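Visitor: Once you've had a glance at the structure underneath, I'll fire off some questions.
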Number of protein chains: 2
Amino acid sequence: MTSPYPMSPMMGQMMNQPLLISSIIEFAARHYGHVEIVSRRVEGDLHRYTYRDCHQRARRIAHALQGLGVKMGERVATLAWNGYRHMEIYYAVSGSGAVLHTINPRLHPDQIAYIANHAEDQYLFFDLTFLPLIEAVAAQCKTVKSFVLMADRDRMPAETKIPNLLCYEDLIASSSDDYDWALFDENSAASLCYTSGTTGNPKGALYSHRSTVLHSYGSAMPNALNVSAADTVLPVVPMFHVNAWGLPYSVLLSGAKMVFPGAALDGKSLYELFESEGVTFSAGVPTVWLGLVNYVLQNNLKFSTFRRTVIGGSACPPAMMDTLIDKLGVDVIHAWGMTEMSPLGTAGSLQAKHLALP
Amino acid sequence: MTSPYPMSPMMGQMMNQPLLISSIIEFAARHYGHVEIVSRRVEGDLHRYTYRDCHQRARRIAHALQGLGVKMGERVATLAWNGYRHMEIYYAVSGSGAVLHTINPRLHPDQIAYIANHAEDQYLFFDLTFLPLIEAVAAQCKTVKSFVLMADRDRMPAETKIPNLLCYEDLIASSSDDYDWALFDENSAASLCYTSGTTGNPKGALYSHRSTVLHSYGSAMPNALNVSAADTVLPVVPMFHVNAWGLPYSVLLSGAKMVFPGAALDGKSLYELFESEGVTFSAGVPTVWLGLVNYVLQNNLKFSTFRRTVIGGSACPPAMMDTLIDKLGVDVIHAWGMTEMSPLGTAGSLQAKHLALP
């Protein structure tokens, strides 16, 4: 890409490499390869593996996409919960130069079909939960060559009206992980999120590799989400909505342990996962915290490790903030942003003057 | 700059702006304009003003450089301690597109002259302390058009053999702050540090705006120096040595209060400044900590606010680390890097597994 800005007669001589999403997972696998990713699956069980495993399987999927003929810049869609397979697809699609298009399953089926057609999605990966939804919209999705069910072979439906249905674990098993991430210009498109908070049909925000990597740094900073390798992070905010506020990137960049809740977002399921996995930091919208906080209060429970959460999406009621801070010992970071901002715009934090000794 | 990497047929559509050093001080002045910079001056007193003031004076100096005929890519040198005027020059020189060349006054005068000639420095700014040094080397510095004494008019020497000696505060007073930072390619050279840790003559490492801004993000991250707006930072590591480990950039990016120790690096002076300004975080080499720790122990003192320090440059003796952690309640971040790395390479931090409940 030719710079629109003048160049100095004296250019810097530092090592330079494009800011690519693949470099985040390469970094995590190299420096935090043993760190766990724990996922509650829609199948019901807990799945656990490491960043090293995730990197290996992401490369297998990248290889599979190549075999399926996906070219640079083409869109590959997902309809999926927060889980390890979804994260593999995040890195496989963007890392190979294609564009990850995360679709929000909470939209009306007609809007889902509209979005898939508008984006000209070539493939669509989906969780078992969404089999009926895909059966309903498949015929309307004109550009999709195949649908991929993110499950083991034994979960594949015996009969389906979905044309060209593929099995995710078959793709993994039949693809080599001998894959080098592509090198390309950092301003290339990386992912695509449609926002419905507008008039008329949903509109797409198209992120670049550069914008995503810079957002990962910015959002992980101490003044913002403050994510470190000492954290265990559970993103409640969905990966189908503005890239889960960037956590699938910033958590790997920070080497924190990752815990994915899947589809079980009720208070009891979340609380059990927070406790069993030692979650220290989470992120979500007020409605989800309401269920969790009520469950904890009604059962006279407490959090053993949970210390910090970011609440956004809509305004956090002051009463909920007070309960979290005063009764449950959980600091609340109040944040604001928009899909068009990758999405974090601002996050509240204390300054030195607020902490000054009297 | 033309990218050496292929571009996708689909480019991202996010807002894009070059990563320039001027954007750091613009950000600090806009969002943390009231935050203080406190400097112990070589004149002996404490000087205090805000990021907003710093930004205004930096623009005046940028204007003055323009008036002096400094062109994009040309080198402007400093021989100075850690202080507010030095920081103004940091931003004025790089922000205007010229190249900041910080010279280490601890080198042999012949090496200082060699470096100034090799870099072809056009102007050289220096602290009052270094007046005798400049008088000794001025005649050897063939490319320097003027030397600028970083002091008020009443500190200017009545007589000097330095040709074309200018007064810093005169430049400030006679220059307008109506100056827009230049926009240029982010790979343009921003600053230049010669390292003497090599064979033969010192060799220069030439940083770009991009490398400096990315280093600021990376070094401020929670896993590294963990600088936030809740901190008060005292960089003992000198601004004449690999840009004080990037703190003149990362501290502003983080909105922390800044405290500059000037030339007074003895235990008593540092301790008094730590206490009077509420310093929470510092950075330096083991020899400086030795003086500070001995002073604190010998006088049965304790730190009221100092909680974290990064020690690098040479290996921190385990006994010093134990004393800081166990006796004085100061966490020690052990870090390593090189001039060629901007300079932070690695920093030690605990991971979730180290903190897991038994």
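The values are calculated or read from the model by the stated rules, or taken from the named source; none is laboratory data. Please read all numbers here as calculations on a predicted model, not as lab measurements. Reconstructed Cβ throughout: ideal geometry from the backbone, glycine too, with neighbour counts over all protein chains shown. Just the protein is used for accessible areas: all its heavy atoms, side chains included, with ligands, DNA and RNA removed. Shrake-Rupley method; radii C 1.70, N 1.55, O 1.52, S 1.80 Å.
Visitor: Accessible area drop of at least 20 Å² (1.4 Å probe, protein heavy atoms): which residues of the stretch B:215-241 qualify, relative to the chain alone?
Guide: The answer is B:Y217, B:M221, B:P222, B:N223, B:S228, B:A229, B:A230 - residues whose exposure falls by at least 20 Å² when every protein chain is included.
Visitor: For the pair A:E275 and A:E135, how long in nm is the line joining their label points, each one 7 Å along Cα→Cβ?
Guide: Here the answer is 3.8 nm between the modelled labels.
Visitor: Still on this model: Explain nothing, just the number: dipole magnitude of the stretch A:198-282 about its Cα centre with +1 on each Lys and Arg Cβ and -1 on each Asp and Glu Cβ, in debye rounded to the nearest 20. Can you show the working numbers first?
Guide: Details: 4 positive and 5 negative charges, 82 e Å.
Taking the Cα centre of the stretch A:198-282 as origin, the dipole is about 400 debye.
Visitor: For the pair A:H334 and A:T195, what calculated FRET efficiency results from E = 1/(1 + (r/R0)^6), where r is the Cβ-Cβ distance and R0 = 30 Å, to the nearest 0.05? Show your work: numbers first, answer last.
Guide: Numbers: r = 21 Å, r/R0 = 0.70.
After rounding to 0.05, the efficiency reads 0.90.
Visitor: Check A:V148: other-chain or 5+ apart residues with amide H under 5 Å from its amide H, H built from backbone geometry?
Guide: A:L124, A:F125, A:F126, A:L166
Visitor: Probe of 1.4 angstrom, ligands and nucleic acids ignored: what's the accessible area per residue over the stretch A:143-240, in square angstrom? Could the numbers behind the result be given before it?
Guide: On the way: 3490 Å² over 98 residues.
Per residue, the stretch A:143-240 has an accessible area of 36 Å².
Visitor: Among the residues of chain A, which one places its Cβ closest to the rotation axis that maps chain A onto chain B, and what is that distance in whole Å?
Guide: Chain A residue with minimal Cβ-axis distance: A:Y217, 2.
Visitor: In Å and on Cα atoms, what radius of gyration and Dmax does the stretch A:80-233 show?
Guide: Cα-based Rg and Dmax for the stretch A:80-233 come out at 17.0, 52 Å.
Visitor: Along the charge dipole of chain B, which of B:F260, B:L225, B:L350 sits closest to the positive end, that is, farthest toward it, with unit charges on the beta carbon of Lys, Arg, Asp and Glu (+1, +1, -1, -1)?
Guide: B:L350
Visitor: So for chain A, Kirkwood radius off the Cα pairs, Stokes-Einstein at 25 °C and 0.890 mPa s: how many µm² s⁻¹? Present the calculation step by step, with values, prior to reporting the outcome.
Guide: Values: Rh = 21.1 Å.
It diffuses with D of about 116 µm²/s by this estimate.
Visitor: Sticking with this structure for a sec: Once the other residues with Cβ under 14 Å from the Cβ of B:L273 are scored (Lys, Arg +1; Asp, Glu -1), what is the net sum? Can you show the working numbers first?
Guide: On the way: positive: B:R40, B:R41, B:R48, B:K257, B:K268; negative: B:E36, B:D45, B:D266, B:E272, B:E275, B:E277.
That sum, taken over residues with Cβ under 14 Å, equals -1.
Visitor: Whole percent per 20 Å bin, from 0 to the bin with the longest distance: what is P(r) over all C-alpha pairs of the protein assembly as shown?
Guide: 17, 46, 29, 8, 0
Visitor: Sticking with the crude label model, points 7 Å out along Cα→Cβ, report the distance from A:D154 to A:D326 in nm, one decimal please.
Guide: 5.2
Visitor: Okay, next question. To the nearest 0.05, how large is the calculated FRET efficiency for B:A264 and A:A319 if R₀ is 45 Å and r is the Cβ-Cβ distance?
Guide: Result of the calculation: an efficiency of 0.30.
Visitor: Keeping all protein chains in the complex and leaving out DNA, RNA and ligands, what accessible area do you get for B:D45 with a 1.4 Å probe, in Å² to the nearest 10?
Guide: B:D45 has an accessible surface of roughly 60 Å² with all protein chains in place.
Visitor: Let me ask another. Ranked by accessible surface with a 1.4 Å probe, highest first, in what order do B:R106, B:R153, A:R60 come?
Guide: Numbers: B:R106 160, B:R153 135, A:R60 55 Å².
The residues order as B:R106, B:R153, A:R60, largest area first.
Visitor: With just the Cα atoms defining each centre, how far is the stretch A:176-234 from the stretch B:169-214? Give it in Å.
Guide: 31
Visitor: Could I ask something else about it? Could you check how much of the accessible area of the stretch A:51-116 is carbon and sulfur, as a whole percent, using a 1.4 Å probe?
Guide: On the way: 820 of 1800 Å².
Exposed carbon and sulfur together represent 46 percent of the surface.
Visitor: Here's another thing I want to ask about it. In the structure displayed, which of A:K71/A:K145; A:K268/B:K353; A:K327/A:K353; A:K257/A:K327 lie more than 19 Å apart, Cα to Cα?
Guide: Numbers: A:K71/A:K145 13 Å; A:K268/B:K353 25 Å; A:K327/A:K353 26 Å; A:K257/A:K327 26 Å.
Going by Cα-Cα distance, A:K268/B:K353; A:K327/A:K353; A:K257/A:K327 fall outside the 19 Å limit.
Visitor: For B:N164, go 7 angstrom from Cα along the Cα-to-Cβ vector, then report the distances to that same point in the other copies in nm, smallest first.
Guide: The answer, with the shortest distance listed first, is 7.1 nm.
Visitor: Then there's this: Rounded to the nearest 5, what % of the DSSP beta bridges within chain A are antiparallel ones? Don't skip to the end; give the middle numbers.
Guide: Numbers: 15 of 49 bridges.
Taking every DSSP beta bridge with both residues in chain A, the antiparallel ones total about 30 percent.
Visitor: Modelling each spin label as a point 7 Å along the Cα-to-Cβ direction, I'd like the B:N117/B:Y5 distance in nm, to one decimal.
Guide: Taking the simple label geometry, B:N117 and B:Y5 are separated by 4.2 nm.
Visitor: Sticking with this structure for a sec: How charged is the neighbourhood of A:R155? Take every other residue with its Cβ under 13 Å from the Cβ of A:R155, and add Lys/Arg as +1 and Asp/Glu as -1. Before the final figure, lay out each step's value.
Guide: Values: positive: A:R41, A:R85, A:R153; negative: A:E43, A:D45, A:D127, A:D152, A:D154, A:E169, A:D170.
Cβ neighbours under 13 Å give a net charge of -4.
Visitor: Once ligands and nucleic acids are excluded and a 1.4 Å probe is used, how much of B:E272 is accessible, expressed in Å² to the nearest 10?
Guide: Taking all protein chains as shown, B:E272 has close to 80 Å².
Visitor: Which value, in Å to one decimal place, does the Kirkwood hydrodynamic radius take for the stretch B:210-349 when every pair of different Cα atoms is included? It would help to have the intermediate numbers written out before the result.
Guide: On the way: mean 1/r = 0.0671 Å⁻¹.
Its Kirkwood hydrodynamic radius stands at 14.9 Å.
Visitor: Can you give the accessible area of A:H63 in Å² (nearest 10), computed on protein heavy atoms with a 1.4 Å probe?
Guide: The value for A:H63 is about 50 Å².
Visitor: Just for the protein assembly as shown, what percent of DSSP beta bridges are antiparallel, to the closest 5?
Guide: Numbers: 32 of 100 bridges.
Around 30 percent antiparallel, to the nearest 5.
Visitor: Using modelled backbone amide H atoms (1.01 Å from N, in-plane), which distant-in-sequence or interchain residues come within less than 5 Å of B:D331's amide H?
Guide: Residues meeting the amide H criterion: B:R308, B:T309.
Visitor: Between copies, how far does the label point of A:G44 sit from its twins, in nm, shortest first, when each point is 7 Å from Cα along Cα→Cβ?
Guide: The answer, with the shortest distance listed first, is 8.2 nm.
Visitor: Kindly write out, for the stretch A:237-242 in residue order, the coupling ³J(HN,Hα) from the Karplus curve 6.51 cos²θ - 1.76 cosθ + 1.60 (θ = phi - 60°), rounded to whole Hz, with x marking Gly and Pro.
Guide: 4, x, 5, 8, 10, 5
Visitor: Using a label position 7 Å from Cα in the Cα→Cβ direction, what is the ascending list of nm distances from B:N300 to the same site in the other copies?
Guide: Ordered by increasing distance: 4.9 nm.
Visitor: Also, I was wondering about something else. Collect residues whose amide H, placed 1.01 Å from N in the peptide plane, falls under 5 Å from the amide H of A:E74; neighbours closer than 5 in sequence don't count.
Guide: Sorted by chain and number, the residues that satisfy this are A:V99.
Visitor: If you roll a 1.4 Å probe over the stretch B:210-349 with all protein chains in place, what percent of the accessible area is carbon or sulfur?
Guide: Details: 2580 of 4610 Å².
The value for the stretch B:210-349 is 56 percent carbon and sulfur by accessible area.
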